[in-house]
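Asker: Got a structure for you, written out below as structure tokens; questions coming shortly.
The values are calculated or read from the model by the stated rules, or taken from the named source; none is laboratory data. Only a predicted model underlies this, so the values are computations on that prediction, with no experimental measurement involved. Because the Cβ atoms are built from the backbone with ideal geometry, glycine has one as well, and the counts that use them run over all protein chains shown.
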Ligand SMILES: Cc1cc2nc3c(=O)[nH]c(=O)nc-3n(C[C@H](O)[C@H](O)[C@H](O)COP(=O)(O)O)c2cc1C
């Protein structure tokens with residue numbers, strides 16, 4: 001009896017420790033093929049205050065792959081969360097411990113990806129149908145590490161988009177020790193829609209996310225889906241604890257500067273030209289380690305989005321830096337393009 005009580009107290013302490021101090025006011029969504037380590041380095045040059053996420057990494061890849069290649073990151077990217085996909089509690093616990101040992105600030109479980117491949121492997125959005133299993137997985141992750149265990153999920157699946165179902169799911173996760181939940185405010189259609197369609201077709205339902213926060217004031221609720229402007233962000237922050245943004249930032253990364261200025265009240269930010277200078281330094285370091293120029297530069301395509309000079313920038317990248325064997329010398333010339341862009345902008349203003 002006494003041992004049981006001590007164990008329970010110990011577990012509660014771990015769970016309390018897992019309540020995080022990370023600033024999640026704004027985070028950049030995990031995006032496969034986008035938010036790899038090079039993209040995250042680039043984004044961190046633009047914003048000091050947002051929380052960054054890796055792409056989803058399956059437990060199989062994390063445990064059996066080349067660890068440095070799959071999970072390695074540069075400390076400059078921090079604060080950084082690892083997103084994992086899986087439903088085997090032992091494997092998830094192991095990955096959570098590895099994430100902690102490697103210096104990640106958070107481990108997040110993907111409960112929102114609707115792709116067929118992910119469903120076949122029994123993880124992602126199909127787990128919304130299995131709250132008990134999810135709770136067991138979270139419990140085992142929480143007990144394996146001291147960093148916060150968080151979850152990213154959708155508000156429903158197929159024909160199920162009900163507050164009571166979602167609220168009970170959220171409560172099961174919370175009781176298992178997950179105190180931060182990211183809600184993509186649309187349901188997942190598990191059959192009949194592609195992953196891309198699943199990002200647009202199911203209707204956004206922000207009120208349901210807000211209601212979850214109202215019912216669970218002690219949980220940290222982060223809203224995600226279709227948010228693209230600072231006034232919208234400010235409005236959401238009146239109802240929930242944080243906003244996660246994906247596509248808008250990938251397509252227009254310099255939007256992060258608006259976020260720094262308007263949301264974090266920070267005007268100590270780099271110009272686009274300064275960012276490119278830093279990227280060039282980064283590329284020159286990375287190619288010594290065998291990284292290809294295009295693996296980094298592909299993430300910078302949107303840097304001039306909406307600006308004069310954007311077409312020239314994209315053309316230069318696509319003509320010189322998108323091939324597997326792109327030459328580093330071409331990266332140096334990029335600074336000329338940037339300087340010309342700046343001059344043209346000054347001439348206009
Ligand atoms: C190219 C792409 C890849 C994505 N990969 C992931 C992923 O690995 N894990 C995840 O939880 N969500 C993933 N998502 C979903 C996003 O994290 C986010 O929930 C979704 O894009 C909605 O936010 P947004 O409207 O701000 O883009 C991906 C989305 C896109 C566009």
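Asker: Looking at the stretch 117-151 only, could you name the residues that are at pLDDT below 95, touching a helix residue (DSSP H, G or I) at 6+ places or on another chain (Cβ under 7 Å) and more than 12 Å from the ligand (Cβ to nearest atom)?
Answerer: Across the stretch 117-151, the qualifying residue is only 119.
Asker: Among the helices (runs of 4 or more DSSP H) confined wholly to the stretch 33-116, which include 1 or more residues that are in the same structural domain as residue 195 (by TED's automatic domain parsing), away from the ligand (no atom under 16 Å from the Cβ) and more than 18 Å from the chain's Cα centre (by Cα)?
Answerer: On the way: elements: 37-46, 59-64, 67-71, 89-102.
Fully inside the stretch 33-116 and qualifying: 59-64, 67-71, 89-102.
Asker: May I ask you to list the residues in the stretch 163-193 that are farther than 24 Å from residue 26 by Cβ, surrounded by fewer than 20 Cβ atoms within 10 Å (Cβ to Cβ) and free of Cβ contacts under 8 Å to residues at least 60 places away in the same chain?
Answerer: 163, 164, 165, 167, 168, 171, 172, 175, 191, 192
Asker: When you go through 203, 191 one by one, which is the residue that is modelled with pLDDT under 95, over 21 Å from the mean Cα position of the chain (by Cα) and either part of a strand (DSSP E or B) or more than 23 Å from residue 22 (Cα to Cα) (or both)?
Answerer: Testing whether each residue is modelled with pLDDT under 95, over 21 Å from the mean Cα position of the chain (by Cα) and either part of a strand (DSSP E or B) or more than 23 Å from residue 22 (Cα to Cα) (or both) leaves just 191.
Here is a yes/no grid of residues against (1) within 30 Å of residue 340 (Cβ to Cβ); (2) crowded, with 20+ Cβ neighbours inside 10 Å:
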site: 207; (1), (2): no, no
site: 215; (1), (2): no, no
site: 224; (1), (2): no, yes
site: 231; (1), (2): no, no
site: 242; (1), (2): no, yes
site: 261; (1), (2): yes, no
site: 269; (1), (2): yes, no
site: 281; (1), (2): yes, no
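Asker: Among residues belonging to the stretch 292-308 that are under 22 Å from residue 255 (Cβ atoms) and surrounded by fewer than 20 Cβ atoms within 10 Å (Cβ to Cβ), point out the one that is farthest from the chain's Cα centre (by Cα).
Answerer: Filtering the stretch 292-308 for residues that are under 22 Å from residue 255 (Cβ atoms) and surrounded by fewer than 20 Cβ atoms within 10 Å (Cβ to Cβ), the one farthest from the chain's Cα centre (by Cα) comes out as 308.
Asker: Quickly run through the stretch 117-127 and pick out the residues that are assigned to a helix (DSSP H, G or I) and under 24 Å from residue 166 (Cβ atoms).
Answerer: Matches in the stretch 117-127: 118, 119, 124, 125, 126, 127.
Asker: Identify the single condition in (1) touching a helix residue (DSSP H, G or I) at 6+ places or on another chain (Cβ under 6 Å); (2) touching a residue at least 24 places away in the same chain (Cβ under 8 Å); (3) not in a helix (DSSP H, G or I) that residue 267 does not satisfy, given that it satisfies every other one.
Answerer: Condition (2) is where residue 267 drops out.
Asker: Among 314, 343, 330, which is farther than 23 Å from residue 32 by Cα and either within 26 Å of the chain's Cα centre (by Cα) or surrounded by 15 or more Cβ atoms within 10 Å (Cβ to Cβ) (or both)?
Answerer: Of 314, 343, 330, the one residue that is farther than 23 Å from residue 32 by Cα and either within 26 Å of the chain's Cα centre (by Cα) or surrounded by 15 or more Cβ atoms within 10 Å (Cβ to Cβ) (or both) is 330.
Asker: Being modelled with pLDDT of 95 or more, in a helix (DSSP H, G or I) and either over 17 Å from the mean Cα position of the chain (by Cα) or within 13 Å of the ligand (Cβ to nearest atom) (or both): is that true of residue 257 here? Full working, then the answer.
Answerer: On the way: modelled with pLDDT of 95 or more: yes; in a helix (DSSP H, G or I): yes; either over 17 Å from the mean Cα position of the chain (by Cα) or within 13 Å of the ligand (Cβ to nearest atom) (or both): yes.
It is true that residue 257 is modelled with pLDDT of 95 or more, in a helix (DSSP H, G or I) and either over 17 Å from the mean Cα position of the chain (by Cα) or within 13 Å of the ligand (Cβ to nearest atom) (or both).
Asker: Ok, one more. Name the one entry in 62, 151 that is touching a strand residue (DSSP E or B) at 6+ places or on another chain (Cβ under 9 Å), surrounded by 18 or more Cβ atoms within 10 Å (Cβ to Cβ) and under 30 Å from residue 279 (Cα atoms).
Answerer: 62
Asker: If I ask for residues that are part of a helix (DSSP H, G or I), touching a strand residue (DSSP E or B) at 6+ places or on another chain (Cβ under 8 Å) and within 11 Å of the ligand (Cβ to nearest atom), which ones from the stretch 234-249 would you list?
Answerer: 249
Asker: Quick one: would you say residue 198 is within 12 Å of the ligand (Cβ to nearest atom) and assigned by TED's automatic domain parsing to the domain that holds residue 244?
Answerer: yes
Asker: Has the stretch 293-311 got any residue that is part of a strand (DSSP E or B), modelled with pLDDT of 95 or more and under 20 Å from residue 54 (Cβ atoms)?
Answerer: Within the stretch 293-311, not a single residue is part of a strand (DSSP E or B), modelled with pLDDT of 95 or more and under 20 Å from residue 54 (Cβ atoms).
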